[in-house]
1. Would you list, by chain and number, the lysines whose Cα falls below 19 Å from the Cα of residue 23, excluding same-chain residues fewer than 8 positions away?
2. Just flag the trypsin sites (Lys or Arg not before Pro) in the range 180-287 sitting in loop per DSSP whose Cβ has no more than 16 other Cβ atoms within 10 Å.
3. Take the alpha-carbon centre of the range 249-269, take the same for the range 144-176, and report the distance between them in whole Å.
4. Using +1 on the beta carbon of Lys and Arg, -1 on that of Asp and Glu, and nothing else charged, what's the dipole of the chain about the Cα centre, debye to 20?
5. Where Lys and Arg each count +1 and Asp and Glu each count -1, what net charge lies around residue 221 among other residues with Cβ under 15 Å from its Cβ?
6. Just how far, in whole angstrom, is the range 24-48 from the range 287-323 if you go by their alpha carbon centroids?
7. With Cβ to Cβ distances under 15 Å as the rule, what net charge do the other residues near residue 177 carry (K, R +1; D, E -1)?
8. Helix-derived [θ] at 222 nm for the chain: sum -39500 (n - 2.57) over DSSP H runs of at least 4, divide by residue count, nearest 500?
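Just so you know, all these numbers are worked out from the coordinates, no wet-lab data involved. All values derive from a computational prediction rather than experimental measurement. Using ideal geometry, Cβ is built from the backbone for each residue, glycine included, and neighbour counts are taken over all protein chains shown.
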Amino acid sequence: MGKEKGCGYNADVKKYYRDLMEKCKVHMDSIEKELPEPWEDFNSLLRERGLSRRDFIKWTSVTTAALMLPPIFRPMVARAAENFSRIPVVWLQFAECTGCSEALLRTSYPNIDEILLDTISLEYHETLMAAAGDQAEQNLEKCMKDFAGKFICVIEGAIPLGLDGKYLTLGPKGKTGVEIAKEVTSKAAAVICMGSCAAFGNVPAAKPNPTNAHSVGEAIGITTVNLAGCPPNPANFVGTLLHYIMFGGLPPVDSLGRPIWAYGKAIHDFCERRAHFDAGEFVKEWGDDGAKKGWCLYEVGCKGPQTSANCSRIRFNDGVSWPVMAGHGCIGCTEPKFWDAFAFLEKPIDDKAIAGGERTMDKVGAVLLG
């Protein structure tokens, strides 16, 4: 009886992935038919940057696994990468520090993610585009007209609502940020919030919040996919856009709108200092013997147990390091209101604040281990 149930389950899983694969093929066919040709040949770019086809195949394997897809989707991930520059992107900037755009640009040596970002079809980006004034506005209007319902709107920064939105006015026509956001998102295929300010309000919305800043979703009443972080890792943006190219929709999200494939686990779960946490070995103050030995940073304020993100797995600076590895605790920047809720940055939060009973389970595990 058990075997029969198992066979039925396996058959259902196989059917699900066959249907998903078919959906993927149909959507990619439509993209290749309806959207502009890539402005550069992706395989030629790989060769120019000194990356082999073998390097690309390795990347597709890692990316397929990161997106929580079975290995049979590797050819589809490769095909999506080759069509990456077909998707028009409008990038809006509101109340922010431009750190998310900086993270997108800061790479020191060629890798697949960097090449994909170099080829992205940025139809409008105030910081990066050469056009200014009326010409820039014309570019935006042309994109909204030519690619209505087909472009991705990426928003960086919170939206101030104080003084009827006049704390933030942009462009030669003096439109408020909230007016521009409503206009552009209404014509977009999907909206991605890049960074925690756009996703949750965070630093611009921190107390006392004199401009009455809000997240994009709150400010204009829409559903967004939130790539939280201050800044988020560019790899999460690449993966999310690849998912859209493959399936015609943005990836499954958690209760806070963050893609599960990137934010489904706590940083604590994959931290290289986790063993020291379990062993009760903590840094007590900066520069002590524990700090020199690489012990857990929880007692000097690390918010890793309360923070959902993949920083400890994909890291920053071309995968070289991340804050905890560099010697400072996680500040919880992928969580809502981290600037207010997680202060002070170098003091631990009460155990009760940890979602999911992580500390309780750790205590149980420690007792069993003892």
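1. 14, 15, 33, 150
2. On the way: sites: 182, 187, 265, 273, 274, 284; in loops: 187, 265, 273, 284.
Passing sites in the range 180-287 are 187, 265, 284.
3. That distance is 26 Å.
4. Numbers: 41 positive and 46 negative charges, 196 e Å.
That gives a dipole near 940 debye.
5. On the way: positive: 182; negative: 179, 183, 218.
Charge balance near residue 221 sits at -2.
6. 38
7. Numbers: positive: 166, 173, 175, 182; negative: 96, 126, 137, 156, 164, 179, 183, 218.
Local net charge: -4.
8. Values: 18 runs with 162 residues, N = 370.
My calculation for the chain gives -12500 deg cm²/dmol from helical runs alone.
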